[in-house]
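Asks: Let me give you the structure first, and then I'll get to my questions.
What follows draws every value from the coordinates through simple rules; no lab data is involved. Because the structure is a prediction, the values reported are computed rather than measured. All Cβ positions, even for glycine, are placed from backbone atoms using ideal geometry, and neighbour counts span all protein chains on display.
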Amino acid sequence: MNDFEKDNVIKNKSYKFALRIIKLYKYLCEERNEYVLSKQLLRSGTSIGANIEEAIGGISKKDFLNKIYIAYKEARETRYWINLLIDSDYITEKSAESLKVDCEEIIKIAGKIISSSRKVD
């Protein structure tokens with residue numbers, strides 16, 4: 001792993017976030033017998049890091065920005081599913097609090113990357 005990848009905050013945060021989403025998915029399936037919302041959460045929550053990884057390997061600035069923007073949108077969607085799971089009483093606000101904080105951080109970081117990359121043009 002090179003220094004860029006080791007020090008890449010959004011890459012590391014999105015990977016750790018994906019692991020937490022996977023654990024929540026397992027809990028929802030095994031303990032709460034919830035399969036529809038949890039599958040949506042799993043898809044969007046793990047897609048964030050995958051798109052960040054694709055952005056890092058992008059072949060152009062346009063490709064990089066496109067993938068970061070997709071990651072940003074997936075993070076927003078993930079926030080939606082977390083809130084829906086809370087409001088439908090599958091998880092508690094308290095149990096989801098740190099997930100929501102992490103998701104918001106990822107949204108903010110991706111948003112800043114997008115806005116600062118556009119300013120350079």
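Asks: Rounded to two decimals, what is the ratio between the C-alpha radius of gyration of the chain and 2.2 N^0.38 Å?
Replies: Computed over Cα atoms of the chain, the ratio equals 1.10.
Asks: With a point put 7 Å past each Cα toward its Cβ, work out how far LEU19 is from GLU104 in nm, to one decimal.
Replies: 2.4
Asks: Same structure, new question: With viscosity set to 1.306 mPa s at 10 °C, what whole-number translational diffusion coefficient in µm²/s follows for the range 32-85 from Stokes-Einstein and a Kirkwood radius over Cα pairs?
Replies: My calculation gives 137 µm²/s for D.
Asks: Can you tell me the FRET efficiency between GLU93 and GLN40 if r is taken as the Cβ-Cβ distance and R0 is 22 Å, rounded to the nearest 0.05?
Replies: Efficiency for this residue pair is about 0.70.
Asks: If neighbour count is taken as other Cβ atoms inside 10 Å, put LEU42, LEU84 in order from fewest to most. Don't jump to the answer; show the numbers that get you there.
Replies: Details: LEU42 20, LEU84 14.
Ranked by crowding around the Cβ, least crowded first: LEU84, LEU42.
Asks: Per residue of the chain, what 222 nm ellipticity follows from adding -39500 (n - 2.57) for every DSSP H run with n ≥ 4, rounded to the nearest 500?
Replies: Taken over the chain, the calculation gives -29000 deg cm²/dmol.
Asks: Further question: Could you tell me how many degrees, from 0 to 90 and to the nearest 10, lie between the Cα long axis of helix 36-56 and the main elongation axis, the longest principal axis, of the Cα atoms of the chain?
Replies: Long axis of 36-56 versus the principal axis of the chain: about 20 degrees.
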